[in-house]
Number of protein chains: 2
Amino acid sequence: MKIDPNNRADLSAQIAKAIRDAIVEGQLIVDERLPSEAELAEQFDVSRPTVREALKRLAAQSLIRTQRGATGGAFVNRLTYPEAYGQQITTATLLLSMNAVSFQTACEARFAMERACAPLSAARRSSDHLASMRAEVFRQNQPGLSDEAFCASDVAFHRALVDGAGNPVLSYQLAGAVEGMQPLMNMITFTARSRAQIVDLHTEIADGIEARDAPRAEAALTRLESYTNELATGVLAKRKAKAAAD
Amino acid sequence: MKIDPNNRADLSAQIAKAIRDAIVEGQLIVDERLPSEAELAEQFDVSRPTVREALKRLAAQSLIRTQRGATGGAFVNRLTYPEAYGQQITTATLLLSMNAVSFQTACEARFAMERACAPLSAARRSSDHLASMRAEVFRQNQPGLSDEAFCASDVAFHRALVDGAGNPVLSYQLAGAVEGMQPLMNMITFTARSRAQIVDLHTEIADGIEARDAPRAEAALTRLESYTNELATGVLAKRKAKAAAD
DNA sequence: AATTTTCATTTGTCAGACAATTAAAAGTCT
DNA sequence: AGACTTTTAATTGTCTGACAAATGAAAATT
């Protein structure tokens, strides 16, 4: 791990990479303590601020955690699902917002993956998952609900659907796809009529999951995808027309 | 963005969060230059090393890039797909290796998502994608191929399948799922017999995609999932038996 | 024996300095 | 005037040395 070539450029990045590789390759195991900053500085033959910059890079990726005090130091962090969700969501959000990804492309990816969850969720969902889905549908039916709250409930509904599959890896993957799309979804202003339509489709999905009828849930998801795209197209067209008028 | 409470703990993390939020919320746009380190230090009322640690955190997430020199500085980085792939793969790899995710769980998630790609890939795949798939199958048939090379070719085959869907967001999501599983896949030693079986299934998948027959490709993917699980179960059982014998 | 105090270790932060890089500005020569 | 060279200023990258804050262990005290 101590390897550092004669390349004296980007030292902190090089050191971060060396330690990261050691973690990924299993040379440093979970909860193992790294040498102190002073020791690392000596090992790599750099100053302590340089080592610290490297450690902060790793901390940003949740690869290590640090603790002050006599028995403190930097420890290899067990990457938990919530931490991974967080990074996944940040990355997905930025990827979508910075790359002019069309709404349709993001939507297609999201619903394709959700449809992949449907058979598993239909087979395995607990009554808790079903209850969560029903509760969110109920909330979405409340008249006074703000657009933001409606969107948040939408995310929660789909989250319950995905979690029903009982596969944490799938849940982790979908978290990014679903939550990363929220800024795009928030662009759509939901009329009373569109809300009713969405609630109907959510109900149909929940019914399919309850009946353990995967094709029914998948078909409803497909219709929801079409309808979501339709709404988005309308909003974007209006926005374009308004921009042209100005 | 300049907000920093009286909380004088974890300053560099706080500053990183403030700048990250400004980027995510669009207050700082792509390619915009951040204030110089000295200016940031003054704004946040901290020292330059602290600012630098914050900037390194952001650099680790590919949110900014830095450039030296007179017109240099830190710039908001456009998060590209390759950068996002890389982070996705690192995160997925660690998540799987550190959390004792069962092979079956990871496998299920991966194939569920791949099956979701199959209809899109069957409809849209170009001749290039098909040629890549065929080329990888051909390589997998070569007798002298090492296990590592066989696994790498396997990844490339599935990558071509997913890319055939023509949806970069899906490709990005799948990259983590497929490549993150590689360490787990590498545990399996492929006998000549198992390779032949896998090549047959790959051929069947490619045939389905070529014929634009999604159900055929999906069925083959399902069989491949079963077979992969079967192989893994065998390897793990043997390993367990050996461990008990020692 | 229990409690308190002291102490050593480690991370977090700061101040100031110099090196390396880079582009623009200034100067110089043809 | 135009092309080339030199200088300069700005900025990041790194180093040195220092002190503050936290924290657990050891020592001292009751």
Original post:
Which lysines, on any chain, are close to B:K17 with Cα under 18 Å apart, when same-chain ones fewer than 8 places away are left out?
Top reply: A:K56, B:K2, B:K56
**OP:** Please give the helix B:147-163 orientation as an angle from the longest Cα principal axis of chain B, in degrees from 0 to 90, rounded to the nearest 10.
**Re:** 70 degrees
**OP:** Run the quick spin-label model on A:D10 and A:A100: label points 7 Å from Cα toward the beta carbon, then report their separation in nm to one decimal.
**Re:** 2.8 nm
Subject >> the stretch B:82-215: C-alpha pair distances exceeding 25 Å, % >> reply: 24 percent
Subject >> Max mean-square fluctuation residue, GNM over chain B, Cα-Cα springs under 10 Å, options B:A149, B:A60, B:A92 >> reply: B:A60
**OP:** With a/c under 1.5 counting as rounded, go ahead and sort the protein assembly as shown into rounded, prolate or oblate using the C-alpha gyration tensor (a ≥ b ≥ c being the square roots of the eigenvalues; past the cut-off, prolate if a/b is larger than b/c, else oblate).
**Re:** oblate
**OP:** Once you have a ≥ b ≥ c as the square roots of the Cα gyration tensor eigenvalues for the stretch B:3-46, tell me rounded if a/c is under 1.5, and otherwise prolate or oblate according to whether a/b is larger than b/c.
**Re:** oblate
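Please state, as a whole number in µm²/s, the translational diffusion coefficient that the Stokes-Einstein equation yields for the stretch A:11-76 at 4 °C and 1.567 mPa s, with Rh defined as the Kirkwood radius across alpha carbon pairs. Before the final figure, lay out each step's value.
On the way: Rh = 11.7 Å.
Answer, rounded: 111 µm²/s.
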Original post:
Per residue of A:106-114, how many C-beta atoms from partner chains lie within 10 Å of its own C-beta, taken as a mean?
Top reply: 6
Original post:
Roughly how much accessible area, to the nearest 100 Å², goes out of reach of solvent when A and B pair up, both sides summed, probe 1.4 Å?
Top reply: 4200 Å²
Original post:
Among residues other than A:V101 whose Cβ falls under 13 Å from its Cβ, what is the net charge (Lys/Arg +1, Asp/Glu -1)?
Top reply: +1
Subject >> In sequence order, calculated HN-Hα J values of the stretch B:192-203 (Karplus, 6.51, -1.76, 1.60; Hz; x Gly/Pro) >> reply: 4, 5, 5, 5, 4, 4, 5, 4, 4, 5, 4, 4
Original post:
Say a paramagnetic label sat at a point 7 Å from the Cα of A:D147, along Cα to Cβ; which residues of the stretch B:24-41 have their backbone N under 19 Å from it?
Top reply: B:25-27
Original post:
Say we join alpha carbon atoms closer than 10 Å with springs in a Gaussian network model of chain A; which of A:A196, A:A38, A:A206 then has the biggest fluctuation?
Top reply: A:A38
**OP:** For every helix of n ≥ 4 consecutive DSSP H residues, a contribution of -39,500 (n - 2.57) applies; sum these over the protein assembly as shown, divide by its total residues, and give [θ] at 222 nm rounded to the nearest 500 deg cm²/dmol.
**Re:** -23500 deg cm²/dmol
Subject >> Label-point separation in nm, A:E39 to B:D45, each point 7 Å along Cα→Cβ >> reply: 3.8 nm
Subject >> ³J(HN,Hα), Karplus 6.51/-1.76/1.60, whole Hz, each residue of the stretch A:130-141, x for Gly, Pro >> reply: 4, 4, 4, 4, 5, 5, 5, 4, 4, 4, 5, 8
Original post:
Counting Lys and Arg as +1 and Asp and Glu as -1, each charge on the Cβ, what is the dipole of the stretch B:11-76 about the Cα centre in debye, to the nearest 20?
Top reply: 320 debye
**OP:** Indicate the gyration tensor shape class of chain A (rounded, prolate or oblate), computed on the Cα atoms with a ≥ b ≥ c the square roots of the eigenvalues: a/c under 1.5 is rounded; otherwise a/b larger than b/c is prolate and the rest oblate.
**Re:** prolate
**OP:** Go ahead and set up a Gaussian network model of chain B, Cα springs under 10 Å, then flag whichever of B:E53, B:E83, B:E179 fluctuates most.
**Re:** B:E53
Original post:
With +1 on each Lys and Arg Cβ and -1 on each Asp and Glu Cβ, how big is the dipole of chain B about its Cα centre, in debye rounded to the nearest 20?
Top reply: 340 debye
Subject >> Per-residue HN-Hα couplings for the stretch A:115-126 [Karplus 6.51, -1.76, 1.60; θ = phi - 60°; Hz; x = Gly/Pro] >> reply: 4, 5, 7, 3, x, 5, 5, 4, 6, 10, 3, 8
Original post:
For B:L161, what charge total do you get from the other residues with a beta carbon under 9 Å from its beta carbon, if Lys and Arg give +1 and Asp and Glu give -1?
Top reply: 0
**OP:** Mind jotting down the distance between the C-alpha centroids of the stretch B:25-65 and the stretch A:98-138, whole Å?
**Re:** 36 Å
**OP:** Provide a whole-number value for the mean count of partner chain Cβ atoms within 10 Å of the Cβ atoms in peptide B:42-54.
**Re:** 2
Subject >> Within 10 Å of each Cβ in B:60-69, the average number of Cβ atoms from other chains >> reply: 3
Original post:
Dipole of the protein assembly as shown, Cα-centred, from +1 at each Lys and Arg C-beta and -1 at each Asp and Glu C-beta, to the nearest 20 debye?
Top reply: 260 debye
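The values are calculated or read from the model by the stated rules, or taken from the named source; none is laboratory data. Bear in mind the structure is a predicted one, so any value in this text is a computation, not a measurement. All Cβ positions, glycine included, derive from the backbone under ideal geometry; neighbour counts span all protein chains shown. In case anyone asks, the SASA skips ligands and DNA or RNA and just uses the protein heavy atoms, side chains included. Shrake-Rupley method; radii C 1.70, N 1.55, O 1.52, S 1.80 Å.
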